[in-house]
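Below is one structure; the comments refer to it alone.
The values are calculated or read from the model by the stated rules, or taken from the named source; none is laboratory data. Keep in mind that this is a model prediction, so the values were computed, not measured. Don't worry about glycine lacking a Cβ; one is built from the backbone with ideal geometry, like all the others, and counts go over all protein chains shown. Accessible surface areas use protein heavy atoms only, side chains included; no ligands, DNA or RNA. Shrake-Rupley method; radii C 1.70, N 1.55, O 1.52, S 1.80 Å.
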Amino acid sequence: MRRIHPDIEDDPDLVAAYAQPPGEWLRINMVSSADGGAWLKGLSGGLSSEGDRRIFGILRGLSDVILAGAATVRTEGYGPARPRESWRALRAGRPPAPPVAVVTRRLDLDLGSPLFTETEPYARTIVITTESAPADRRAEAAKNADVIVAGEYRVDLTLAARELRDRGLAAILCEGGPRLNAQLAAAGLVDELCLTLSPLLIGGDAARILNGTASQTRLGLAQVLQEEGFLFCRYVREVSDELAG
Ligand SMILES: NC(=O)c1ccc[n+]([C@@H]2O[C@H](COP(=O)([O-])OP(=O)(O)OC[C@H]3O[C@@H](n4cnc5c(N)ncnc54)[C@H](OP(=O)(O)O)[C@@H]3O)[C@@H](O)[C@H]2O)c1
């Protein structure tokens, strides 16, 4: 791994390279093909690399909670984040692993899967849903997960982020998918984008990493790492002119 921006350094310390400000922070981590597709054959794995997986793990280790849309949880077969030896130092003073928080209206989740049945008490899966979600599914989910109700027909993501932070989960890592990302950006909640750019053209109809509501978030390029033709970019939201002024 080599850092090529803002300075050049071989084998940079990745934990330091991805350090985030203390307190409330929301970063999105995504991988994209060179032509902007967010999945290959329906999954992100075909776009990834060994370096991408290393950074993926470090970002998880640095986070207080991993946020994901229900479609990502279903298609990528999410389980709980398991503690790693390499996280020990960077999670000092925090639980050994972050919980996963799933955003869903329909609650069409496999509630018998390890994501719900094999969590540790310190990292019970969180289900973020709506008042209109089926009551029986909500009750079923509450047996093995913490259920947050935030909004009537759609999850109000500003409210959801507030609820997570009220539980002490300040550093939110969103792992997608694109439909959730678009709403987070539209709500002005995105502080950072960690984007892996894969050296692959895929065509087809894969969504971009934000899919849905249009919005504009101005970003500054904070860092670029490179390995085996993959680029690992960190973009941080620029403080707006009004705020700066
Ligand atoms: N390239 C990458 O890094 C990457 C990362 C993640 C995922 N992916 C790929 O992206 C695809 C999935 O992404 P996606 O964009 O289709 O879906 P998504 O954002 O993962 O999930 C969409 C689902 O989340 C729930 N949801 C989202 N916003 C909501 C709201 N405001 N209120 C209530 N529920 C809400 C709904 O779940 P219900 O249907 O349960 O109500 C909705 O169907 C997969 O192919 C996955 O492999 C790629």
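Check off (1) open to solvent by less than 20 Å² (accessible area, probe 1.4 Å); (2) within 15 Å of the ligand (Cβ to nearest atom); (3) under 15 Å from the mean Cα position of the chain (by Cα) for Ala97 and give me the number that stays unchecked.
Just one mismatch for Ala97, condition (2).
Filter region 11-62 for residues that are more than 16 Å from the ligand (Cβ to nearest atom) and farther than 20 Å from Ser86 by Cβ and give the result.
Pro21, Pro22, Gly23, Glu24, Trp25
Looking at Ala92, is it part of a helix (DSSP H, G or I), over 30 Å from Gly204 (Cβ atoms) and away from the ligand (no atom under 16 Å from the Cβ)? Give the derivation first.
Values: part of a helix (DSSP H, G or I): no; over 30 Å from Gly204 (Cβ atoms): yes; away from the ligand (no atom under 16 Å from the Cβ): yes.
No; evaluated as a whole, the condition is false for this residue.
Looking at region 72-94, which of its residues are surrounded by fewer than 17 Cβ atoms within 10 Å (Cβ to Cβ) and among the aliphatic types (A, V, I, L, M)?
Once the filter is applied, which keeps residues that are surrounded by fewer than 17 Cβ atoms within 10 Å (Cβ to Cβ) and among the aliphatic types (A, V, I, L, M), region 72-94 yields Ala89, Leu90, Ala92.
Considering only residues that are charged (D, E, K, R) and in a loop (DSSP other than H, G, I, E, B), look in region 1-22 and name the one that is least open to solvent (accessible area, probe 1.4 Å). Show your work before the answer.
Looking only at region 1-22, we keep the residues that are charged (D, E, K, R), and these are 2-3, 7, 9-11, 13.
Next, only the ones that are in a loop (DSSP other than H, G, I, E, B) stay: 7, 11, 13.
Details: Asp7: 74, Asp11: 121, Asp13: 95 Å².
Among residues in region 1-22 that are charged (D, E, K, R) and in a loop (DSSP other than H, G, I, E, B), the one least open to solvent (accessible area, probe 1.4 Å) is Asp7.
In region 146-168, how many residues are surrounded by fewer than 21 Cβ atoms within 10 Å (Cβ to Cβ), of a type in the set (A, V, I, L, M) and in a loop (DSSP other than H, G, I, E, B)?
1
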